[in-house]
Amino acid sequence: MENILVAGATGTTGKKVIQLLKSSQYFEPIAMIRNENQKAQFEAQHIKTVFGDLEKEVSHTLQNIDKVVFAAGSGGKKVVEVDQEGAKKMIRASEDSNIKKFVMLSSMGADNPEESNDLFEYLKAKHNADEYLKSSNLKYTIVRPGSLTNEKGTGKIKLSKSHNEFGEISRDDVAQTLVRSLHDDAPNLTTFEILKGDTLIGKALEYA
């Protein structure tokens, strides 16, 4: 079993990632939490936790960790401090800890932030974090979903290597794609966008 640190474990998508890892025969989730209040929800499910704040030092969170899922976000409140610099901090620490794979939850539009007026600051932060990961020495997968919905997942997506359309995708299917990207046979050093679609996630990733 590989130990997977989930940054952003208390977020809506992060919680789904934790549950998928918990039910996997390959992975054990470790939820990164910021305060004591967040601990009980995971302990009740026998899920390990580690305290870590993306605005502070994070290297201690990676002890005995094999791979990382970065699903953290500030909800638009501290995009530079958390979405950008927090991600870069975790990437640097992962390099130092010889992490085997770093799976980044990014966003559709992060390749060209200047095309968005409303979300420019957020997408610019995501873009900078993504570029930093690409220039690291880590194996990585960067997943850029469309608008997130709370619809029930289908286990199917539409995957594209380049940006050609906007759309929606359920958090369930995003979480499944993130976890599937952790597997050793999943593509490395790759960035792709995902929307609601008709191709099974495992099959779609063969073309990533």
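For the range 114-133: of the residues being at pLDDT 85 or above and surrounded by fewer than 16 Cβ atoms within 10 Å (Cβ to Cβ), which is nearest to Leu178 (Cα to Cα)?
Once the filter is applied, the top-ranked residue is Glu131.
Can you list the helices (runs of 4 or more DSSP H) found entirely within the range 1-113 that contain at least 3 residues being over 15 Å from the mean Cα position of the chain (by Cα) and at pLDDT 95 or above?
Per the criteria, 85-96.
Take Ser160 and decide whether it is small (Gly, Ala, Ser), without any contact (Cβ under 8 Å) to a residue 40 or more places away in the chain, buried (at least 16 other Cβ atoms within 10 Å of the Cβ) and over 22 Å from Val79 (Cα atoms).
Taking the combined requirement at face value, the residue satisfies it.
If you check Tyr140 against the conditions, is it surrounded by fewer than 16 Cβ atoms within 10 Å (Cβ to Cβ), in contact (Cβ under 8 Å) with a residue 40 or more places away in the chain and of a type in the set (Ser, Thr, Tyr)?
no
Just to be sure before I move on: is Glu151 more than 24 Å from Leu5 (Cα to Cα), surrounded by fewer than 19 Cβ atoms within 10 Å (Cβ to Cβ) and at pLDDT below 95 in the structure I sent?
no
Counting just the residues of the range 114-145 that are of a type in the set (Lys, Arg) and assigned to a helix (DSSP H, G or I), which one comes out farthest from Gly167 (Cα to Cα)?
Lys134
The values are calculated or read from the model by the stated rules, or taken from the named source; none is laboratory data. Every value quoted in this text rests on a predicted model; they were computed, and no experiment measured them. So basically every Cβ, Gly included, is an ideal-geometry build from the backbone, and we count neighbours across all protein chains shown.
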